[in-house]
Amino acid sequence: MKIHIIPQPNKISVIDKKAFELHSLCNLNAHKGCNKALSELTEFISDKFCMELLGTGKEEIRLSVDEALTASESYTLDITEDLIEIKGADEEGVFWGVQTLKQIFLQCEENLPEIHIEDAPAYSYRGFMLDCGRYFFPKDDVMKFLDIMALHKLNYFHWHLTEDQGWRAQLLDNILLTEIGAYRSHTNFGVKPHGGFYTKEDMKEVVEYAHKKCIKVIPEIDTPGHVVSAIAAYPHLSCFDRNLNVATHCGVKHDVLCVGKESTFEFMFSVFDELLEIFTDSIIHIGGDEVPTTRWKICPHCKARVKEEGLKSVEDLHPYYLSRIAEYIESKGSKVIMWNDTIRDYMAKSSITRQLWNEEMSEDEVIKQINKGTEFIISFVNAYYLDLPYGLTSLKKCYEYNPCYDGITEDKKDKLLGVEACLWTEFVPTMEKAGYQSFPRFGAYSETAWTDKKEKSYDRFCEKLPFYEYMLSSDGWNFAKEKEASPKGIRKLGSRLYWERRKLCWQGLHNIIDNIKVERKYKGEENK
Ligand SMILES: [Zn+2]
């Protein structure tokens with residue numbers, strides 16, 4: 001018989017004879033260091049089979065950490081007569097073994113065949129990013145994503161908490177960020193107001209929940225661009241202290257943080273101080289993407305900063321700002337990640353992990369930086385942006401993408417930390433749409449993140465789709481059907497055209513008019 005597991009284990013053999021029967025007399029024994037796996041499995045058996053294991057029979061499920069397994073997060077799973085044994089190299093390994101066992105139960109119900117699995121992750125960093133800045137997703141929805149991440153053996157949740165359209169992280173020292181910045185008057189295509197935020201308690205609860213699932217949480221405070229919601233709350237953060245409303249539409253905005261004023265740095269340091277109390281995994285994403293320098297070019301503070309710091313141009317303020325912010329966060333003992341979005345990337349601190357999303361940085365440059373010791377995470381837009389229509393990134397395209405950097409030296413191989421799929425939500429207002437965009441690409445992506453490249457097979461992945469759909473619907477998730485996820489002909493064209501409707505809310509004209517206004521007002525003042 002065939003047993004389907006997503007992501008595909010590196011080695012699996014199944015003997016088609018009944019070996020183990022689950023019933024309420026079974027023993028469930030967890031050795032030291034297996035508490036997370038134990039509660040996960042107990043909860044699953046209780047939910048799925050309405051069963052509480054009494055432990056008086058001869059059958060046993062045994063969970064243990066085995067030091068003989070050397071690869072971090074690896075595990076073995078053996079189902080033999082009367083015994084299910086999961087051994088992990090560490091706590092995580094045992095936990096991922098339980099995720100595999102859950103999928104086996106979903107297919108075989110109480111009667112399991114003889115199975116032997118040996119498995120280990122391809123990458124140490126297997127991320128998923130949810131954009132809660134554009135549309136707010138309540139805490140319970142975020143936790144639902146954490147559950148499905150765990151089932152796919154993904155271990156880093158990148159929580160995009162701030163955007164032009166909404167600031168979602170409550171910080172008591174700068175309370176207006178959420179009191180004003182969390183609400184927009186209307187959305188891209190809607191006339192209704194939209195908003196919401198996470199209290200500090202909510203965020204702590206999410207972190208705690210993630211930890212139970214062996215997932216680390218990386219909050220992202222995206223600056224110095226994408227900050228209109230913060231400027232709406234605190235105008236002094238911008239050049240020219242502009243009075244703006246929280247952005248209603250998507251598109252790159254020209255009002256960014258004023259990097260010339262020292263008060264901007266003081267403000268951001270206090271934001272990160274408070275954030276670090278909540279997010280205990282000591283990794284912070286500082287954003288850094290899409291930063292026009294329109295305002296900086298005419299702002300007296302920004303121009304003075306360029307002079308003082310001996311920079312060549314205002315463009316250099318971008319890496320200058322990010323490096324200073326990173327230095328502050330690092331001084332508190334945290335790691336820092338940023339998007340690779342500055343053409344002056346090489347000027348930013350090399351200790352900052354780069355998250356690649358576009359192809360502006362050449363492959364050679366990536367290899368060069370990795371060989372010098374800088375860490376990278378790969379999230380290429382055309383493969384891993386789950387909000388893109390299937391007509392642009394089909395299931396197959398997502399599946400078949402593999403980060404390939406052949407020139408990395410052996411001792412720096414682990415600097416390519418891994419991969420991350422991102423769900424941006426400019427056009428994803430509901431969980432139903434979130435599910436449709438994410439699945440089945442989420443599963444396809446997870447096989448690059450987890451499965452050894454040699455063991456990947458798109459055909460086999462497609463064979464697993466009926467089971468995958470069953471698994472997703474049992475958890476209440478919406479998903480795109482195979483035909484929709486691999487559109488051809490008119491369906492493909494339709495999917496692309498539907499996507500292009502975003503151009504209807506293009507902000508270019510607004511930006512041009514606004515830029516003229518700002519220039520007239522402030523250039524005039526400068527000449528007085
Ligand atoms: Zn400025």
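Descriptive notes on the structure:
- Taking every protein chain into account, the accessible area of region 106-168 amounts to 20 square angstrom per residue (probe 1.4 Å).
- Low-density loop positions, GluC sites (Glu not before Pro), region 15-54 - DSSP coil, at most 11 other Cβ in 10 Å: Glu52
- Phi to ³J(HN,Hα) by Karplus 6.51 cos²θ - 1.76 cosθ + 1.60 over region 256-266, Hz, x for Gly, Pro: 10, 5, 7, 8, x, 7, 5, 4, 5, 5, 4
- Extension gain for the segment Glu519 to Glu205, taken as residue separation times 0.36 nm less the Cα-Cα distance, is 108.5 nm to one decimal.
- Relative frequency of Cα-Cα separations exceeding 25 Å in region 199-357, percent: 31 percent
- Whole-angstrom Cα spans of the chain along principal axes, big to small: 90, 51, 45
- For peptides 8-18, 24-34, sequence by mean Cβ density within 10 Å, most packed first: 24-34, 8-18
- Bridges between two residues of the chain, per DSSP, are antiparallel at a rate of about 35%.
- Kirkwood Rh (inverse of mean 1/r, distinct Cα pairs), region 109-195, angstrom: 15.9 Å
- Calculated over region 1-107: convex hull of Cα atoms, volume per residue (Å³): 100 Å³
- Surface composition of the chain: carbon and sulfur atoms hold 51% of the protein heavy-atom accessible area at a 1.4 Å probe.
- When the surface is traced with a 1.4 Å probe over the full set of protein chains, Leu176 keeps roughly 60 Å² accessible.
- When the P(r) of region 265-339 is calculated, the portion above 22 Å amounts to 30% of the C-alpha pairs.
- The Kirkwood radius of region 378-528, taken over pairs of alpha-carbon atoms, gives through the Stokes-Einstein law at 4 °C and 1.567 mPa s a diffusion coefficient of 71 µm² s⁻¹.
- Computed from the Kirkwood radius of its Cα pairs, the Stokes-Einstein diffusion coefficient for region 366-461 at 37 °C and 0.692 mPa s stands at 228 µm²/s.
- Dimensions of region 472-528 from C-alpha coordinates, computed as largest minus smallest value along each principal axis and given longest first, are 68, 32, 12 Å.
- From the C-alpha gyration tensor of region 420-473, square roots of 5λ in Å: 23, 15, 7
- 10 Å Cβ shell holding at most 14 others, DSSP loop, chymotrypsin sites (Phe, Trp or Tyr not before Pro): longest site-free stretch of the chain: 190-505
- Spherically averaged projected area of region 430-510 from its Cα convex hull (nm²): 7.7 nm²
- From the C-alpha gyration tensor of region 231-295, square roots of 5λ in Å: 23, 15, 12
- Within region 156-195, the proportion of C-alpha pairs whose separation exceeds 16 Å stands at 41%.
- Here the ratio of the Cα radius of gyration of region 56-131 to 2.2 N^0.38 Å is 1.20.
- Folded to 0 to 90 degrees: helix 317-331 orientation relative to the chain principal axis, Cα: 50 degrees
- Ratio Rg/Rh, restricted to region 277-410 and using Cα atoms, in which Rh is the Kirkwood radius: 1.02
- Descending by average beta-carbon neighbour count within 10 Å, the peptides 282-294, 55-67 line up as 282-294, 55-67, the highest first.
- The Cα-based radius of gyration and maximum Cα-Cα distance (Dmax) for region 325-374 are 11.1, 33 Å.
- Considering helices alone, the calculated mean residue ellipticity of the chain at 222 nm is -11500 deg cm²/dmol, with DSSP H runs of length four and up weighted by -39500 (n - 2.57) and normalised per residue.
- Projection of the Cα convex hull of region 172-255, averaged over all directions and equal to a quarter of that hull's surface, yields 6.8 nm².
The values are calculated or read from the model by the stated rules, or taken from the named source; none is laboratory data. This structure is a prediction, so every number in the text was calculated from the model and none was measured. Methodologically, a virtual Cβ is constructed for each residue, glycine included, from the backbone with ideal geometry; neighbour enumeration extends over all protein chains shown. Just the protein is used for accessible areas: all its heavy atoms, side chains included, with ligands, DNA and RNA removed. Shrake-Rupley method; radii C 1.70, N 1.55, O 1.52, S 1.80 Å.
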